[in-house]
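Presented below is the structure to which this report refers.
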Amino acid sequence: MTAMIQLSNVSKWYGDFQVLTDCTTQVAKGEVVVVCGPSGSGKSTLIKCVNALEPFQKGTILVDGVSVGDPKTDLPKLRSRVGMVFQHFELFPHLSITDNLTIAQMKVLGRSREEANDKGLKYLDRVGLKAHAAKFPGQLSGGQQQRVAIARALAMDPIAMLFDEPTSALDPEMINEVLDVMTGLAHEGMTMMCVTHEMGFARRVADRVIFMDRGHIVEDCAKEEFFGAPRGERAQQFLSKILQH
Amino acid sequence: MMDFSQIIPALPALTDGMLLTLRLLGLSVVGGVVLGTLLALARLSDRRVLSGLAKFYVNYFRSIPLLLVISWFYLVVPLIYNWLTGSFEPVGAFTSCLVAFVMFEAAYYAEIVRAGIQAIPKGQVNAAYALGMGYGQAMRLIVLPQAFRKMTPLFLQQSIILFQDTSLVYAVGLLDFLNTARSKGDIVGLPHEFLIFAGAVYFVISFGATLLVKRLQKRFAV
Ligand SMILES: Nc1ncnc2c1ncn2[C@@H]1O[C@H](COP(=O)(O)OP(=O)(O)OP(=O)(O)O)[C@@H](O)[C@H]1O
Ligand SMILES: [Mg+2]
């Protein structure tokens, strides 16, 4: 298997404060990797480095063979090939659901309105929200907004999807509708890197689990191994705390 | 006794004056918002020199009287125009005033736009970037449309102030609404009546617009 996302010795500082230390891991094509760890351990930072929303100072990240840190890399083009889903959905509130789905397809990929509409509606249908195409984001529930956000990313035909705690801002009864969409994607072979504390999702869907602590990747193993017996004490503590809920 | 009847024959001239006032206002608002937006973007730029220059511009024009800018541009704009184009066509007082208003008001609009941009959550910009948009697209398609919506009441408020301030063009002899009323009143020997009438017109327009802004503010607050 070839690595779709390859991180090698990535380190990052905010001023004097080191957020990431020597992070090395990879996500193979079609693989689903869950990233977990305590608050402030650097999960969001790590995933944002992958599509260059955050710069890093040391190491290399390759996405489909393209070096993210190389100043010659066309970052907008790279980002247009990687889908990202945020904790707070980040739909554009001034645009209708249809326009949310089509704007980047047209302005970034240069698709015609017709083509963009077709594609957008296809994915909106996939996440079960076709009836809401004419509405605005503010008229939808959190779970619905997050599903639209996933459809918006998918409409760009990404080679991989990044998720940063996609369900942690949702009311409990809406979490599953979003996880179901993500599970479907995983089964279709999408390459996925998901920051999440949904351990049920990790157990069912993930191929590998990465555990981060204070900027280090301290566990990086197959999920069976991780849930069987995580080696580190911090991971044990973390898991027992999380699984109580 | 007050005699307001002489205002009626002066109405065509007064209307022309009001049209000049409104034309100056409209063009100044458009030009001021455009230049103000560019200044706001420059001020928020990572490039130190650019943001420093924009900051200086804004602080400078916010620290000098508008009347000074009008008088000064009346002298300077024709010189610069002739120097740039090499022609010696005279530049009208209207054009000089328009340039003065645009440059002066831009400093105020810039601060409004800057606050508006800063009020848009960082996550919106990140989402735009994550979809492959560049800086210009993210601003134009995502951030500015939202910022302008939030800022509409403040824009209108600033424009009401500008509506009143356009009367300062009397300094360079432009016949706007107030200046027309004043000179007509002097000619027919009824300065009080004409000024009272002019005051009533300014009040009705400005106060009416203010009420409108209040209603908009309530709508936009939701
Ligand atoms: N812009 C910033 N400037 C300075 N420090 C930052 C900045 N962004 C994040 N940090 C710090 O970097 C560390 C890692 O932050 P990050 O958001 O990646 O953590 P996280 O693992 O995603 O946490 P959470 O579970 O709370 O989302 C934290 O200590 C945070 O305070
Ligand atoms: Mg986070």
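Structure data summary
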read-out	value
Selection count where residues are closer than 30 Å to A:F86 by Cβ and of a type in the set (V, I, T), scope the range B:86-134	5
Subset tally (residues that are more than 13 Å from ligand 1 (Cβ to nearest atom), over 21 Å from A:L78 (Cα atoms) and polar (S, T, N, Q)) for the range A:12-47	0
Answer residue from the range A:78-105, given it is within 7 Å of chain B (Cβ to nearest Cβ) and within 16 Å of ligand 1 (Cβ to nearest atom) and is farthest from A:A155 (Cα to Cα) among those	A:H88
Failed condition for A:V108, given (1) of a type in the set (A, V, I, L, M); (2) within 11 Å of chain B (Cβ to nearest Cβ); (3) under 18 Å from the mean Cα position of the chain (by Cα); (4) more than 16 Å from ligand 2 (Cβ to nearest atom)	(3)
Any pair with Cβ under 7 angstrom, 6 or more apart, that starts in the range A:71-96 at a residue that is part of a helix (DSSP H, G or I) and ends at one that is of a type in the set (F, W, Y) and at pLDDT 95 or above	A:R79/B:Y129
Of the criteria (1) within 16 Å of ligand 2 (Cβ to nearest atom); (2) surrounded by fewer than 20 Cβ atoms within 10 Å (Cβ to Cβ), which one A:L140 fails	(1)
Residue that is β-branched (V, I, T), without any contact (Cβ under 8 Å) to a residue 40 or more places away in the chain and assigned to a helix (DSSP H, G or I), where the choices are B:V169, B:V204	B:V204
Single residue of A:F86, A:F56, A:F92, A:F17 found to be more than 27 Å from A:D207 (Cα to Cα) and crowded, with 19+ Cβ neighbours inside 10 Å	A:F92
Tabulated pairs, the range A:35-51, first within 13 Å of chain B (Cβ to nearest Cβ), second among the hydroxyl-bearing types (S, T, Y) and more than 8 Å from ligand 2 (Cβ to nearest atom), C-beta under 9 angstrom, 6+ apart or interchain	A:T45/A:Y14; A:N51/B:Y129
Some residue of the range A:121-137 being within 12 Å of chain B (Cβ to nearest Cβ), closer than 30 Å to A:C36 by Cα and in contact (Cβ under 8 Å) with a residue 40 or more places away in the chain	yes
Test: residue in the range A:48-69 that is closer than 17 Å to A:W13 by Cβ, within 16 Å of ligand 1 (Cβ to nearest atom), part of a loop (DSSP other than H, G, I, E, B) and charged (D, E, K, R)	yes
Residue check for B:R114: within 16 Å of B:G36 (Cβ to Cβ), of a type in the set (D, E, K, R) and crowded, with 20+ Cβ neighbours inside 10 Å	yes
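The values are calculated or read from the model by the stated rules, or taken from the named source; none is laboratory data. A quick note: this is a predicted structure, and the numbers were derived from the prediction, not measured. Note: ideal-geometry Cβ built from the backbone for every residue, glycine included; neighbour counts use all protein chains shown.
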